[in-house]
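Participant: This is the structure I have questions about; it appears just below.
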2 protein chains.
Amino acid sequence: MSIGRQFFSWLLFFFPVLVQAQPADSLQIRKIVNEILVNGQAYQNLRDICRIGPRLSGSPQAEKAIELTRRMLQQAGADKVWLQPCLVTHWERGAGETAYLVDSAGTKFTLRISTLGNSMGTDGKDVCGELLYINRFDQVDAMGEKMLRDKIVFFDLPMNPTHIRTFQAYGESGIARRNGPSLAAKYGARAVLVRSLASNVDAYPHTGATRYNDSFPKIPAMALSTQDAEWIAENMAKGKKFTACLRNRAVMKGEVLSYNVIGEIKGSVYPEEIISIGGHLDSWDLGEGAHDDGAGCVQSIEALRALHNLGIRPKRTIRAVMFMNEENGGGGARAYLDSAIAKGEKHVFAIESDAGGFSPRGFSFDLGDQAYGQVKKWAPLFAEYGIHEWERGGSGADIGPLKKIGTALCGLRPDSQRYFDVHHAETDVFSAVSKRELDLGAAAMTALIWLVSEYGLTL
Amino acid sequence: MSIGRQFFSWLLFFFPVLVQAQPADSLQIRKIVNEILVNGQAYQNLRDICRIGPRLSGSPQAEKAIELTRRMLQQAGADKVWLQPCLVTHWERGAGETAYLVDSAGTKFTLRISTLGNSMGTDGKDVCGELLYINRFDQVDAMGEKMLRDKIVFFDLPMNPTHIRTFQAYGESGIARRNGPSLAAKYGARAVLVRSLASNVDAYPHTGATRYNDSFPKIPAMALSTQDAEWIAENMAKGKKFTACLRNRAVMKGEVLSYNVIGEIKGSVYPEEIISIGGHLDSWDLGEGAHDDGAGCVQSIEALRALHNLGIRPKRTIRAVMFMNEENGGGGARAYLDSAIAKGEKHVFAIESDAGGFSPRGFSFDLGDQAYGQVKKWAPLFAEYGIHEWERGGSGADIGPLKKIGTALCGLRPDSQRYFDVHHAETDVFSAVSKRELDLGAAAMTALIWLVSEYGLTL
């Protein structure tokens, strides 16, 4: 540490202009980080949100979470808090979902499943068929109707463990969950089982949205726990055959009115320039939506709280946004963009935390070359907090639409190793979140938006 | 990614000598990492070690773990596996430890405590006294006998949350656990309660070794859960007074024979140059010693397994060492050094993993300037695995003694945010470990020792 400081003093001596802003910025960031580590409310807030239960769009729990986070934003010291109306997808899993296999000897094996989000239901009746095992998505077209007709298709695409960033594996293997049901339906399959998108092997199925292609029949689809998936794969590799039956009462109820929850601190110098920091308030209907994405919500609220508590009045307007309906429709994201356009708002920067409340490792930027050059210069300020990865890439599903109006976008990149152990599963609960990891993520985002607020960005 | 590769090709063109080794090393490291992420046995091995239960030195569980890891090293493909005798501290907590407070109204409050390791017992009798609250260690001498005589001293030194690396806070606040009992005894205190060294606030006490100064009476000492510590602090700040009573049957049984477990792959070119990779096999007698330090043991075994399974014959000898008695005596570390000296072995490098099985963030090096210059050049090879922190600093308690014979030392630096939530507590169990995080730590260490094995170090 002392060597670093000596070197720094030397730099100050020879290059006074070049590094002028650094020491003050560094001190201010340290204040922000300390405030969050010492007085942070994100963890308590997350506990309270999780106590509501899962918050699927259109559910009573989602409505409770809207009211709760509205109050949290007021308590955090926002100048103004409001609810922004949006139309959201209302889908319900229904009671009594089950699936089982029957082997050639008539033995029955109950499976640990979770109906995929937005999936059709079976009206509580068994939909049965011979189980067809597929572990390469690119082979489906070649197999065609001859092999898929009247089958229950089981897509077994494990996440590739060699990708260091688990999101890459999620994106690749996710094709089966997203597109598998409609592709199977194209060739006459009756229903689909998909291996859960999980990086571990356990008994918990992981749900998530599927996307039907309107050109083909909409067939029911369920996620299967990774343990069950491996058991089936092993047995079918030995030549065993199964009949599979699925039953549920899932129903798509259409669109209903809900809200994004927004709180802002008005900018002191450029109040018309808006910086958004957000996560999404809705979650899947399993677990508590702690990492996905209660974490992003409470981190965003924490950013306002920390600035307010420190008496930092940002030059630009900072808005914390709890988006609704990220998981299965994107209604909140659309409403936020539409409102920005309708009001002619100037959105200079938006950052989203929707990758879990884990130790922050860096940021992913989706913005122009000049703006990237600006933010990249701030990287050294973050190294002492273990934040080293400044890269270009995607931001978040909720802020993504703002790209249409030229907003510079950014995604918080937490350590991704544990995310897909709990993502969209019963295991995504408050106790899976570490207070320090959550706080450090909030601190990283708060420091970054404070810098943007101070210096602006050339868009 | 493509920009990086273009830049790299450009470098190759202009500086063929400078970067010559990079592409081949990078590919070899990728092979090692993939082998561990795809075929890794560390997680299963950790599960099996944890099933034995906690492994305090001299306990039957420690003996079972010796035999189990001996077999694991054989199965991993070590050329040779042996047990290295060492004398270890044998301390037992005994049954029925309790502590409680009584307020002035006679109301009794049971405390969640754990006797500190190596602490004296009370022979099953209550040791009682007025509770004295101390939250600044540097005030004890000024308070002196006048205030401490016949008291039960409660040291309430929370870990400083503003240190990003939690080990720094552990080191600072740890003075109370290490030196508090003897300092309090110096001034006539009857017993000591120490706030658990934990970065979270919960109901679990965290034990750990205390060190008696032979100049003063040895008084009993217990760790108190952070929840209880905060409750007491709040109540005493309001002026409440308590009598505290402690009771246990802890007993120091002296030294007994135990073993380090060692497996090695002989070097193909410089077999006399030894590289050690290790963790410690003993643990505290709470929980399962999963992060501390089952993780380091299975990562070290995994290094041998991965090299063996890939058919990589290292140029230098690589030894995986499960040290015994790190927690409360260091007997294994001494025996390893003594044996090295007695046999005139040449130990060129040693790395230890004893900071939990979390996502690796970097390495801490304790070696000469020239050797540090060499290893620092390898840093770019690790960036794609999220490993960015190459710094000088301590290594590990077990390999530390090798410094006397000039060995270059290194400690794996995992993400430290969650470590002190579970460290030395009932919560340090297998289920608190993430397979991917554990594997990535093993991969980082294996890649590093492979590089040292290939290129050597100038000592």
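The values are calculated or read from the model by the stated rules, or taken from the named source; none is laboratory data. This structure is a prediction, so every number in the text was calculated from the model and none was measured. No Cβ is skipped: glycine too gets one built from the backbone with ideal geometry, and neighbour counts run over all protein chains shown.
Participant: From B:Pro161, B:Pro181, B:Pro205, grab the single residue that is within 14 Å of chain A (Cβ to nearest Cβ), modelled with pLDDT of 95 or more and touching a Leu at 6+ places or on another chain (Cβ under 9 Å).
Facilitator: Working: B:Pro181 fails: within 14 Å of chain A (Cβ to nearest Cβ); B:Pro205 fails: within 14 Å of chain A (Cβ to nearest Cβ).
Just a single option satisfies the conditions, and that option is B:Pro161.
Participant: Which of the following residues is acidic (Asp, Glu), under 16 Å from B:Ile275 (Cβ atoms) and modelled with pLDDT of 95 or more: B:Glu426, B:Glu389, B:Glu454? Walk me through it before giving the result.
Facilitator: Working: B:Glu426 fails: under 16 Å from B:Ile275 (Cβ atoms); B:Glu389 fails: under 16 Å from B:Ile275 (Cβ atoms).
From the options B:Glu426, B:Glu389, B:Glu454, the qualifying one is B:Glu454.
Participant: Something else: Name the residue that is surrounded by the fewest Cβ atoms within 10 Å (Cβ to Cβ), counting only residues in segment B:27-40 that are under 17 Å from B:Met445 (Cβ atoms) and more than 10 Å from chain A (Cβ to nearest Cβ).
Facilitator: Step one: list which residues in segment B:27-40 are under 17 Å from B:Met445 (Cβ atoms), which gives B:28-37, B:39-40.
After this cut, where a residue has to be more than 10 Å from chain A (Cβ to nearest Cβ) as well, the list is B:28-29, B:31-32.
Working: B:Gln28: 17, B:Ile29: 22, B:Lys31: 15, B:Ile32: 24.
Of everything passing the filter in segment B:27-40, B:Lys31 is surrounded by the fewest Cβ atoms within 10 Å (Cβ to Cβ).
Participant: Still on this structure: Could you identify the single residue in A:Gly117, A:Gly129, A:Gly124, A:Gly106 that is within 30 Å of A:Val153 (Cα to Cα), assigned by TED's automatic domain parsing to the domain that holds A:Leu148 and within 25 Å of the chain's Cα centre (by Cα)? I'd like the intermediate steps shown before the answer.
Facilitator: Working: A:Gly129 fails: within 25 Å of the chain's Cα centre (by Cα); A:Gly124 fails: within 25 Å of the chain's Cα centre (by Cα); A:Gly106 fails: within 25 Å of the chain's Cα centre (by Cα).
That would be A:Gly117, the only listed residue that is within 30 Å of A:Val153 (Cα to Cα), assigned by TED's automatic domain parsing to the domain that holds A:Leu148 and within 25 Å of the chain's Cα centre (by Cα).
Participant: Could you check B:Ala237 against (1) buried (at least 22 other Cβ atoms within 10 Å of the Cβ); (2) closer than 30 Å to B:Leu148 by Cα; (3) without any contact (Cβ under 8 Å) to a residue 60 or more places away in the chain and say which number it fails?
Facilitator: So the condition that B:Ala237 fails would be (1).
Participant: Looking at this structure, is B:Leu409 crowded, with 22+ Cβ neighbours inside 10 Å, in the same structural domain as B:Asp285 (by TED's automatic domain parsing), touching a Lys or Arg at 6+ places or on another chain (Cβ under 7 Å) and under 15 Å from B:Leu367 (Cβ atoms)? Steps first, please.
Facilitator: Details: crowded, with 22+ Cβ neighbours inside 10 Å: yes; in the same structural domain as B:Asp285 (by TED's automatic domain parsing): yes; touching a Lys or Arg at 6+ places or on another chain (Cβ under 7 Å): yes; under 15 Å from B:Leu367 (Cβ atoms): yes.
So B:Leu409 fits the description; yes.
Participant: OK, next. Considering only segment B:341-459, give the helices (runs of 4 or more DSSP H) lying wholly within it that have at least 2 residues that are more than 14 Å from chain A (Cβ to nearest Cβ). Quick ask: steps written out before the conclusion?
Facilitator: Details: elements: B:369-376, B:379-382, B:419-422, B:435-455.
Those helices (runs of 4 or more DSSP H) span B:369-376, B:435-455.
Participant: A further question follows. Give the residues of segment A:308-340 that are touching a residue at least 60 places away in the same chain (Cβ under 8 Å) and in a helix (DSSP H, G or I), sorted by residue number. Even if it seems obvious, please write down each step before you answer.
Facilitator: Residues of segment A:308-340 touching a residue at least 60 places away in the same chain (Cβ under 8 Å): A:308-310, A:312, A:314-316, A:318, A:320-337, A:339-340.
Passing the criteria: A:His308, A:Asn309, A:Gly331, A:Gly332, A:Ala333, A:Arg334, A:Ala335, A:Tyr336, A:Leu337, A:Ser339, A:Ala340.
Participant: Oh, and also: Being closer than 27 Å to A:Phe420 by Cβ and surrounded by fewer than 18 Cβ atoms within 10 Å (Cβ to Cβ) is the filter here, so list the residues in segment A:240-259 that pass it.
Facilitator: A:Met252
Participant: For segment A:101-117, does any single residue satisfy the condition of being closer than 30 Å to A:His308 by Cα and either away from chain B (no Cβ under 14 Å) or crowded, with 18+ Cβ neighbours inside 10 Å (or both)?
Facilitator: In the first step, residues of segment A:101-117 are kept if they are closer than 30 Å to A:His308 by Cα; the result is none.
No.
Participant: Let me ask something additional. Any chance segment A:47-63 includes a residue that's in a helix (DSSP H, G or I), surrounded by 19 or more Cβ atoms within 10 Å (Cβ to Cβ), in contact with a His (Cβ under 7 Å, 6 or more places away or on another chain) and of a type in the set (A, V, I, L, M)?
Facilitator: no
Participant: Just give me the residues in segment A:1-25 being at pLDDT 50 or above and either surrounded by 14 or more Cβ atoms within 10 Å (Cβ to Cβ) or touching a helix residue (DSSP H, G or I) at 6+ places or on another chain (Cβ under 6 Å) (or both), in sequence order.
Facilitator: Here is the first cut: in segment A:1-25, the residues at pLDDT 50 or above are A:21-25.
A:Ala21, A:Gln22, A:Asp25 - these are the residues of segment A:1-25 that are at pLDDT 50 or above and either surrounded by 14 or more Cβ atoms within 10 Å (Cβ to Cβ) or touching a helix residue (DSSP H, G or I) at 6+ places or on another chain (Cβ under 6 Å) (or both).
Participant: Being assigned by TED's automatic domain parsing to the domain that holds B:Asp123, touching a helix residue (DSSP H, G or I) at 6+ places or on another chain (Cβ under 6 Å) and farther than 20 Å from B:Arg93 by Cβ narrows it down to one of B:Ile175, B:Ile219, so name that one. Full working, then the answer.
Facilitator: On the way: B:Ile219 fails: farther than 20 Å from B:Arg93 by Cβ.
After ruling out the rest, the residue left standing is B:Ile175.
Participant: Can you name the residue in segment B:67-100 that is crowded, with 19+ Cβ neighbours inside 10 Å and among the hydroxyl-bearing types (Ser, Thr, Tyr) and is also nearest to B:Leu56 (Cα to Cα) among such residues?
Facilitator: This residue is B:Thr89.
Participant: When you check B:Ser416 against the structure, is it of a type outside the set (Phe, Trp, Tyr), farther than 20 Å from B:Ile32 by Cα and without any contact (Cβ under 8 Å) to a residue 60 or more places away in the chain, yes or no? Full working, then the answer.
Facilitator: Values: of a type outside the set (Phe, Trp, Tyr): yes; farther than 20 Å from B:Ile32 by Cα: yes; without any contact (Cβ under 8 Å) to a residue 60 or more places away in the chain: no.
Against the criterion (of a type outside the set (Phe, Trp, Tyr), farther than 20 Å from B:Ile32 by Cα and without any contact (Cβ under 8 Å) to a residue 60 or more places away in the chain), B:Ser416 does not qualify.
Participant: A further question on this structure: Being without any contact (Cβ under 8 Å) to a residue 12 or more places away in the chain and more than 24 Å from A:Thr166 (Cα to Cα) is the filter here; which residues of segment B:363-392 pass it?
Facilitator: Passing the criteria: B:Asp369, B:Gly373, B:Lys377.
Participant: Need at least 3 residues that are surrounded by fewer than 17 Cβ atoms within 10 Å (Cβ to Cβ) per element, so show me which helices (runs of 4 or more DSSP H) inside segment B:124-225 make the cut, counting only ones lying wholly within it. Working first, answer last.
Facilitator: Values: elements: B:140-148, B:166-173, B:175-186.
In segment B:124-225, the matching helices (runs of 4 or more DSSP H) lie at B:140-148, B:166-173.
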